[in-house]
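Chemist: Got a structure for you, written out below as structure tokens; questions coming shortly.
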Amino acid sequence: LYALPKRGELVVFRPPAAYFAAKGAEERPGTRLIKRVIAVGGDTVEVRAGVLYLNGAPRYEPYALEAPTYSLPLTTVPAGAIFVLGDNRNVSVDSHVWGSLPIENIIGKAFYVLYPVDRQGFVDQFMQDLKLTGDTGAFIERLVPDIDPPPTSRPAGWSNRPR
């Protein structure tokens, strides 16, 4: 890695042995996963009442498909590790199940969505659009194109695409 991952970035990595144990599966050396970095070494993470807390503060997560239905006790991420969660929180087998991910397991950062084709684009562009416009409806519409955002959050010129 040229730079350590930052919170909010997507990383591709080799899962630790605990991932396979949690799934009740044999370890497969060629397995690669992609998850979002939630916390870095020294951070604390907690999930309670459907809210993710990072260093004691609730975390705004427009990319999460739904609020987590599980709880996670206060956890400190060790130095040399990161805490990763899948955007589909309630079905993802991730750090909330198997713990922190050692930095040496990271292969690289994800920066471009190839598939599905209608969601192609730079990952950072999705986040930049949200930061610039503050329009969560347009942001979610780009990530999940089959869901129409509420009318109050549609940007000027937005129209329903043919289905």
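Chemist: Of all residues in the stretch 77-136, which are more than 18 Å from R7 (Cα to Cα), touching a Lys or Arg at 6+ places or on another chain (Cβ under 9 Å) and at pLDDT below 70?
Modeler: R119, D135
Chemist: Moving on to the next point. Name the single residue that is modelled with the lowest pLDDT among those in the stretch 43-60 being open to solvent by 30 Å² or more (accessible area, probe 1.4 Å) and among the charged types (D, E, K, R).
Modeler: Per the criteria, the residue is R59.
Chemist: Restricting to the stretch 39-61, give me the number of residues that are under 15 Å from the mean Cα position of the chain (by Cα) and not in a loop (DSSP other than H, G, I, E, B).
Modeler: 8
Chemist: Can you tell me how many residues in the stretch 4-23 are open to solvent by less than 50 Å² (accessible area, probe 1.4 Å) and part of a loop (DSSP other than H, G, I, E, B)?
Modeler: Final tally of qualifying residues: 5.
Chemist: If the Cβ limit is 6 Å and pairs must be 6+ apart or interchain, which residue in the stretch 62-78 that is assigned to a loop (DSSP other than H, G, I, E, B) pairs with which residue that is among the aromatic types (F, W, Y) and open to solvent by less than 70 Å² (accessible area, probe 1.4 Å)?
Modeler: So the pair list comes out as P62/F139; V77/F83.
Chemist: Do we find that A64 is more than 18 Å from F13 (Cβ to Cβ), at pLDDT below 75, open to solvent by less than 40 Å² (accessible area, probe 1.4 Å) and out of contact with any helix residue (DSSP H, G or I) (no Cβ under 6 Å at 6 or more places or on another chain) in this structure?
Modeler: Against the criterion (more than 18 Å from F13 (Cβ to Cβ), at pLDDT below 75, open to solvent by less than 40 Å² (accessible area, probe 1.4 Å) and out of contact with any helix residue (DSSP H, G or I) (no Cβ under 6 Å at 6 or more places or on another chain)), A64 does not qualify.
The values are calculated or read from the model by the stated rules, or taken from the named source; none is laboratory data. Not measured: the values here are computed from a predicted model. Heads up, the Cβs are rebuilt from the backbone with ideal geometry, glycines too, and the neighbour counts pull from every protein chain shown. Side chains included, ligands, DNA and RNA excluded: accessible areas come from the protein's heavy atoms. Shrake-Rupley method; radii C 1.70, N 1.55, O 1.52, S 1.80 Å.
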